[in-house]
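Here the structure is laid out as structure tokens; the discussion comes afterwards.
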Amino acid sequence: MDSPLDPQRRGNLTGDIVIDSNPPVNQPPLMPDQPIPQPINNQRNYSQAGNASVETVRQSYYDPTGALVEKQEQVVDDPFTRRNNILERTTQIIYFVLGILEVLLALRVLLRFISADNGSGFANFIYNFSAPFVAPFNGIFNNDQVLNRVGVIEFSTLLAMVIYSLFAYGMVRLLYIVFEPNRSSKEIYSTSSRRKF
């Protein structure tokens, strides 16, 4: 006689054996919550290369599947790069301000050349806003050249554009000469490590 515990076969009231065509689905066993893997090897190294310091952290542990996992992280602190980044950002700001000023002065030259009406809001804004930057250069030329009574070429504004560009370039070069760090020609490499199990 068949076992009453067999899920494939079961008896009915008449004693006939019925075979179940839908066997129960086998569920995978529930895994208990796995603890966070504990490191089996922690190693921290410090090294010095010139003025830069390097910290290396290595960690090894077994994951829940039993595989060995190794992680490595390096942190480099280089004062040369840090100072260079500050100089680069300062240079970008100087050239950005120069770009805005050059666009305003170029618009002034264009509006004067096409004889834009001073009563226009946009033309009036450009003239008034750029006037302080052109003022030091007014009077250098006796008369701005008149072309066919249509417009005026403001040579003083063109000169201002050139002078401001040269001034910005000179200021950036001076910043690099004064503040750019020099890498040491002497480099010392030293490493110390500490291992903890």
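Close amide H contacts of Val69 (hydrogens built in the peptide plane, cut-off under 5 Å, sequence separation of 5 or more or a different chain): Tyr61, Tyr62, Asp63. Stretching the chain fully between Asn138 and Lys71 yields a gain of 17.4 nm (0.36 nm per residue, less the alpha carbon separation). Among Met161, Met171, the order by Cβ neighbours within 10 angstrom, fewest to most, reads Met171, Met161. For segment 81-179, the residue among Gly151, Ile100, Ala116 whose Cα projects farthest onto the positive side of the dipole built from Cβ charges is Ile100.
Quick note: the coordinates plus some simple rules give every number you see, no bench work behind them. These numbers come from a predicted model, not from an experiment. Using ideal geometry, Cβ is built from the backbone for each residue, glycine included, and neighbour counts are taken over all protein chains shown.
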